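First the structure, in the form of structure tokens, and then the observations on it.
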Amino acid sequence: MPLKTGTFTLAAALTGATAMLSAGAATAQQASPTLDAVRARGEVACGVIGSSFGFSLPDSQGVMQGMDADSCRAVAAAVLGDANAVRWVPLVPAQRLTALQTGEIDVLYAQLTWTMSRETDSGVQMASTNYFDGTGFLVPTSLGVASATELDGANVCSIQGPGEVTARDYFTSQGMSFTPVLFAEGEELRAAFLAGRCDVYMIDQSALISFRASLGDNAANYTVLPEIISAEPLSGAVRKGDPLWFDIVRYAHIAQVNAENLGITAENVDSFGAESSPAIRRFLGMDGTLGQALGLQSSWAHDIVAQVGNYGEMWQRHFGRTGADRGANRLARDGGLQYPYPMR
Amino acid sequence: MTRFLAQTEAAARPAPDRRRGLRQILAEDFFYAPGATVWTLVLVVLLGLAAWTLFDWAVLNAVFGPTGTLDASQACRAEGAEGACWAVIGDKVRLILFGLYPFDLQWRPGLACLLMIALYALSVQKALWRPALGVIWALVLAAVLVLMRGGVAGLAPVGDDQWGGLPVTLILSTFGLGLAFPVAIALALARQQRRFPMLQAASVGLIEFARAVPLVVVLFMASVMMPLFLPESWQVSKLLRVLIAFTLFGAAYLAEVIRGGLQAIPSGQYEAASALSLTYAQTMRDVILPQALRIVIPGIVNVFIGFFKATAIVVVVGIFDLMTAAKRAVADPLWQGFGIEVYLFAGLIYFVFCFSLSRFSARLERDLARDRS
């Protein structure tokens with residue numbers, strides 16, 4: 001390594017200033033078919049589930065709301081300077097990867113779990129994790145259960161599909177028996193659980209907390225057990241083979257996390273002046289070439305925060321009213337997994 | 001032999017009076033014997049209880065909006081709120097009816113729905129059954145497309161992946177069946193004729209394929225597999241792919257119904273047409289089809305009703321039809337648990353459309369029976 005370092009220093013010394021100047025030009029030549037297509041179209045085609053509270057669900061006005069929806073908006077704000085320049089493409093889980101592979105969408109934020117086989121086999125690439133989720137358990141408090149290990153012989157309500165497999169894996173590995181009670185629809189499942197048809201409601205944490213929130217005063221009668229038995233890093237995905245677009249989607253998310261870490265919010269984003277810290281100045285595009293490196297305007301990160309907000313604001317907007325704990329989605333400095341990768 | 005013959009002449013009875021009074025109907029149909037009286041009373045009590053319970057739930061105890069200091073959702077969940085929560089409909093009605101369509105532009109899908117309903121109302125008038133009706137259909141459907149898509153005449157463009165709710169249900173059934181109808185006639189004629197065996201085989205193949213494969217599988221193939229085989233520049237929108245699948249299916253089912261009508265035409269009709277030296281096209285257009293289609297109107301309406309309801313299946317490919325949009329309304333934690341109200345509302349809309357169609361079909365059967373007698 002010392003040898004290489006020496007060479008590097010020499011090269012750096014020779015090209016120092018020119019490299020700085022030409023960095024923007026060099027990366028701007030990097031062609032991104034997706035970026036070009038998005039600019040030509042004037043909107044980002046974003047694949048979402050469209051039926052899941054907290055991630056992507058139309059509100060009473062038909063406006064898509066949720067973490068996934070806002071992550072798409074962040075990409076649109078960064079690329080086009082307009083967070084509303086998003087075309088929503090609602091997809092059922094089976095269509096998600098196809099829609100991305102065929103170019104029907106530019107970016108996929110559809111509660112897609114980042115798994116190895118999805119990246120190795122499907123021609124897609126995970127850009128960033130906008131929500132760390134995991135399967136959890138909700139039980140009636142009256143059941144008197146404090147841990148999932150006490151659930152031997154329970155009737156377990158869950159949604160058909162991957163949830164079944166998770167349940168079977170867990171109960172088998174714990175040497176416990178259980179009776180699955182399966183439903184196609186969340187609404188039916190929740191009604192059955194409230195009616196006492198099963199002892200446990202087993203689904204993603206994010207769904208458990210919104211369900212508990214919907215119970216109002218009755219929420220106290222139900223307990224979320226501490227165990228989280230599967231890792232579900234829900235991530236934004238792009239097609240492989242377009243590295244610049246991958247970077248844009250990845251750093252649109254990282255910019256939101258950095259903004260929270262730096263204390264930049266939608267409200268105060270315009271109050272930072274020349275006296276701000278170098279990190280903030282770089283972030284807001286007053287210094288450096290972060291935007292150019294992505295082929296974007298220097299105000300890209302500013303536009304994300306001004307129009308969509310930082311990560312914490314986004315989380316608060318969609319999950320705040322549920323009274324839930326941010327858990328793994330806290331900033332790294334608060335013990336969570338949302339890490340502000342340095343933007344420099 | 002005499003024991004088989006009446007010995008006396010029976011007195012002539014007056015023709016039964018068809019117009020009976022309420023008292024007579026009750027006495028003759030409901031209380032004509034002690035057993036009937038008991039059953040009538042038991043059922044009246046049961047039905048009365050059911051009706052009262054429903055009324056109590058749906059009206060007396062129902063929550064229609066915010067009460068006092070509580071907002072609508074809290075009012076529905078408040079202690080003692082045992083009735084229906086119609087406030088969820090109040091809050092979500094535009095989402096259920098129009099899905100993701102931009103809120104400020106929702107007058108356009110609204111108008112499009114009214115246009116299509118008016119089109120149905122026109123189409124069921126027998127007096128208007130003439131070629132001009134086809135032109136009206138083409139014009140109205142074009143107007144519907146312009147309203148929904150925009151992009152001309154100063155209307156902001158709205159992509160079809162933003163369409164949702166009732167217009168999508170109506171568009172899929174109207175366009176699907178409107179396009180399927182001519183295709184179905186062609187398929188039925190192709191299957192009926194004997195002169196071109198290949199044409200016949202193709203028609204049989206298509207019809208039998210569509211009838212043998214579940215629609216949901218075809219929709220899934222159309223939305224998940226088909227795009228993988230098409231070049232990237234050939235982007236066919238999801239709604240259009242689904243519409244094509246619907247059209248093919250509708251055409252196959254309708255073709256069989258129409259073929260039934262063709263078979264019911266006595267061969268004398270064909271022979272008479274031949275004797276007049278009418279060509280095949282003339283025979284079909286002026287002699288056979290008008291009679292055949294008339295006969296199978298109830299069957300056609302049946303297919304229409306079935307397909308109208310089957311549109312809800314598009315949920316499997318992520319299209320926001322009426323039923324899907326209704327489900328989205330109760331995914332919101334504010335309204336989770338009020339699925340019954342929302343499903344009833346959606347069900348009522350389906351009922352209004354399907355029941356009108358079925359009444360129309362019944363009226364038509366009566367009219368045609370009168371024509372024949």
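The values are calculated or read from the model by the stated rules, or taken from the named source; none is laboratory data. None of the values given here were measured: they were computed from a predicted structure. Counting neighbours? That spans all protein chains shown, and the Cβs are built from the backbone with ideal geometry, glycine included. With ligands, DNA and RNA removed, areas are computed over all heavy atoms of the protein, side chains included. Shrake-Rupley method; radii C 1.70, N 1.55, O 1.52, S 1.80 Å.
Restricting attention to the range B:187-223, report how many residues are touching a residue at least 40 places away in the same chain (Cβ under 8 Å) and closer than 19 Å to A:P90 by Cα.
Residues flagged as touching a residue at least 40 places away in the same chain (Cβ under 8 Å) and closer than 19 Å to A:P90 by Cα within the range B:187-223 amount to 5.
Only one of these conditions is not met by A:Y251: (1) in contact with a helix residue (DSSP H, G or I) (Cβ under 7 Å, 6 or more places away or on another chain); (2) buried (at least 24 other Cβ atoms within 10 Å of the Cβ). Which number is it?
That leaves (1) as the condition not met.
Which one is nearest to B:V242 (Cα to Cα), of the residues in the range B:172-214 that are among the charged types (D, E, K, R) and over 22 Å from the mean Cα position of the chain (by Cα)?
Restricting to residues being among the charged types (D, E, K, R) and over 22 Å from the mean Cα position of the chain (by Cα), the top hit is B:E208.
Name every residue in the range A:96-115 that is within 18 Å of the chain's Cα centre (by Cα) and farther than 14 Å from A:F246 by Cα, in order of residue number.
A:R96, A:L97, A:A110, A:Q111, A:L112, A:T113, A:W114, A:T115
Provide a single number: the residues in the range B:40-69 that are in a helix (DSSP H, G or I) and surrounded by 12 or more Cβ atoms within 10 Å (Cβ to Cβ).
Qualifying residue count, the range B:40-69: 7.
Tell me yes or no: at least one residue of the range B:262-270 is touching a residue at least 60 places away in the same chain (Cβ under 8 Å), buried (at least 20 other Cβ atoms within 10 Å of the Cβ) and more than 15 Å from B:V183 (Cα to Cα).
Yes, because at least one residue in the range B:262-270 is touching a residue at least 60 places away in the same chain (Cβ under 8 Å), buried (at least 20 other Cβ atoms within 10 Å of the Cβ) and more than 15 Å from B:V183 (Cα to Cα).
Please list, ordered by first then second residue, the pairs with beta carbon atoms under 6 Å, 6 or more apart or interchain, first in the range A:249-266 and in contact (Cβ under 8 Å) with a residue 60 or more places away in the chain and more than 10 Å from A:I304 (Cβ to Cβ), second of a type outside the set (A, V, I, L, M, F, W, C) and in a helix (DSSP H, G or I).
If the second residue must be of a type outside the set (A, V, I, L, M, F, W, C) and in a helix (DSSP H, G or I), the pairs left are A:V257/A:Y311; A:E260/A:Y311; A:E260/A:G312.
Okay, residues lined up against (1) surrounded by 24 or more Cβ atoms within 10 Å (Cβ to Cβ); (2) within 13 Å of chain B (Cβ to nearest Cβ); (3) within 16 Å of A:G309 (Cβ to Cβ):
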{"site": "A:Q61", "(1), (2), (3)": "no, yes, no"}
{"site": "A:M64", "(1), (2), (3)": "no, yes, yes"}
{"site": "A:A76", "(1), (2), (3)": "yes, no, yes"}
{"site": "A:E104", "(1), (2), (3)": "no, yes, no"}
{"site": "A:V107", "(1), (2), (3)": "yes, no, no"}
{"site": "A:E119", "(1), (2), (3)": "no, no, no"}
{"site": "A:M126", "(1), (2), (3)": "no, no, no"}
{"site": "A:G134", "(1), (2), (3)": "no, no, no"}
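Kindly indicate which of A:I209, A:I203 is part of a helix (DSSP H, G or I), buried (at least 21 other Cβ atoms within 10 Å of the Cβ) and β-branched (V, I, T).
Numbers: A:I203 fails: part of a helix (DSSP H, G or I).
The match here is A:I209.
Just to be sure, is B:L128 at pLDDT 85 or above and either loosely packed, with under 14 Cβ neighbours inside 10 Å or on the phi < 0 side of the Ramachandran plot (or both)? If you could, list the steps in order and put the result at the bottom.
On the way: at pLDDT 85 or above: no; either loosely packed, with under 14 Cβ neighbours inside 10 Å or on the phi < 0 side of the Ramachandran plot (or both): yes.
No: the conditions fail for B:L128.
Can you confirm whether B:D161 is within 14 Å of chain A (Cβ to nearest Cβ), surrounded by fewer than 16 Cβ atoms within 10 Å (Cβ to Cβ), assigned to a helix (DSSP H, G or I) and modelled with pLDDT under 90?
No.
From the residues in the range A:179-193 that are surrounded by 17 or more Cβ atoms within 10 Å (Cβ to Cβ) and within 14 Å of chain B (Cβ to nearest Cβ), which one is farthest from B:Y343 (Cα to Cα)?
Filtering the range A:179-193 for residues that are surrounded by 17 or more Cβ atoms within 10 Å (Cβ to Cβ) and within 14 Å of chain B (Cβ to nearest Cβ), the one farthest from B:Y343 (Cα to Cα) comes out as A:F193.
Answer yes or no: is there a residue in the range B:352-370 that is of a type outside the set (A, V, I, L, M, F, W, C), within 14 Å of chain A (Cβ to nearest Cβ) and open to solvent by 30 Å² or more (accessible area, probe 1.4 Å).
Step one: filter the range B:352-370 for residues of a type outside the set (A, V, I, L, M, F, W, C), giving B:356, B:358-359, B:361, B:363, B:365-367, B:370.
Right, trim to within 14 Å of chain A (Cβ to nearest Cβ) and you get none.
Looking for residues that are of a type outside the set (A, V, I, L, M, F, W, C), within 14 Å of chain A (Cβ to nearest Cβ) and open to solvent by 30 Å² or more (accessible area, probe 1.4 Å), one finds none in the range B:352-370, hence no.
Please work out which one of (1) modelled with pLDDT of 90 or more; (2) open to solvent by 10 Å² or more (accessible area, probe 1.4 Å); (3) over 21 Å from A:S230 (Cβ atoms) is the condition A:T98 fails and give its number.
For A:T98, the failing item is (1).
Name the helices (runs of 4 or more DSSP H) wholly inside the range B:288-338 in which the number of residues that are surrounded by fewer than 19 Cβ atoms within 10 Å (Cβ to Cβ) is 3 or more.
Qualifying helices (runs of 4 or more DSSP H): B:289-295, B:297-310.
Just name the residue that is least open to solvent (accessible area, probe 1.4 Å) out of those in the range A:143-178 that are within 14 Å of another protein chain (Cβ to nearest Cβ) and touching a Phe, Trp or Tyr at 6+ places or on another chain (Cβ under 9 Å).
A:I159
Could you give me the residue pairs with C-beta distances under 6 Å whose first residue belongs to the range A:216-235 and is closer than 30 Å to A:R250 by Cα, whose second residue is of a type in the set (D, E) wherever it lies, and which are 6+ apart or on separate chains?
A:E232/A:D133; A:L234/A:D133
Would you be able to say whether some residue in the range B:81-89 is open to solvent by less than 40 Å² (accessible area, probe 1.4 Å), out of contact with any strand residue (DSSP E or B) (no Cβ under 8 Å at 6 or more places or on another chain) and more than 14 Å from chain A (Cβ to nearest Cβ)?
No.
Which members of the range B:57-77 meet the condition of being within 13 Å of chain A (Cβ to nearest Cβ) and either of a type in the set (D, E, K, R) or free of Cβ contacts under 8 Å to residues at least 12 places away in the same chain (or both)? Talk me through it step by step, then tell me what you get.
Initially, the range B:57-77 is screened for residues within 13 Å of chain A (Cβ to nearest Cβ), giving B:70-77.
Residues satisfying the conditions are B:L70, B:D71, B:Q74, B:R77.
Could you please let me know if B:T40 is away from chain A (no Cβ under 14 Å) and either within 20 Å of A:S214 (Cβ to Cβ) or modelled with pLDDT under 85 (or both)?
No: the conditions fail for B:T40.
Quick check on the range B:259-280. Is at least one of its residues within 14 Å of chain A (Cβ to nearest Cβ), over 14 Å from B:L166 (Cα atoms) and either assigned to a helix (DSSP H, G or I) or within 25 Å of the chain's Cα centre (by Cα) (or both)?
If we filter the range B:259-280 for residues that are within 14 Å of chain A (Cβ to nearest Cβ), which is where we start, we get none.
Among the residues of the range B:259-280, not one is within 14 Å of chain A (Cβ to nearest Cβ), over 14 Å from B:L166 (Cα atoms) and either assigned to a helix (DSSP H, G or I) or within 25 Å of the chain's Cα centre (by Cα) (or both), which makes the answer no.
Can you tell me which residue is nearest to B:Q235 (Cα to Cα) among those in the range A:79-95 that are more than 14 Å from chain B (Cβ to nearest Cβ) and open to solvent by less than 50 Å² (accessible area, probe 1.4 Å)? It would help to see each step written out before you state the result.
First, pick out the residues of the range A:79-95 that are more than 14 Å from chain B (Cβ to nearest Cβ): A:79-83.
Applying the additional criterion that residues be open to solvent by less than 50 Å² (accessible area, probe 1.4 Å) yields A:79, A:81, A:83.
Working: A:V79: 23, A:G81: 26, A:A83: 25 Å.
Only one residue fits best here, namely A:V79.
What helices (runs of 4 or more DSSP H), lying completely within the range A:30-145, carry at least 1 residues that are within 19 Å of A:G186 (Cβ to Cβ)?
Details: elements: A:33-41, A:67-80, A:96-101, A:116-121.
Helices (runs of 4 or more DSSP H) meeting the threshold: A:67-80, A:96-101.
Every residue, every condition in (1) over 20 Å from A:L337 (Cβ atoms); (2) out of contact with any Asp or Glu (no Cβ under 9 Å at 6 or more places or on another chain); (3) of a type in the set (K, R), yes or no:
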site	(1), (2), (3)
A:Y251	no, yes, no
A:P278	yes, no, no
A:G285	yes, yes, no
A:Q297	yes, no, no
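Which condition does A:A45 not pass, out of (1) free of Cβ contacts under 8 Å to residues at least 12 places away in the same chain; (2) small (G, A, S); (3) touching an Asp or Glu at 6+ places or on another chain (Cβ under 8 Å); (4) more than 14 Å from B:D332 (Cα to Cα), if it passes all the others?
For A:A45, the exception is condition (1).
If you scan the range B:235-258, which residues turn out to be assigned to a helix (DSSP H, G or I) and open to solvent by 40 Å² or more (accessible area, probe 1.4 Å)?
Answer for the range B:235-258, where residues must be assigned to a helix (DSSP H, G or I) and open to solvent by 40 Å² or more (accessible area, probe 1.4 Å): B:L240, B:I244, B:L248, B:Y253.
Could you pull out the residue among A:A259, A:A293, A:A274, A:A324 that is among the aliphatic types (A, V, I, L, M), over 21 Å from A:D106 (Cβ atoms) and open to solvent by 40 Å² or more (accessible area, probe 1.4 Å)?
A:A274
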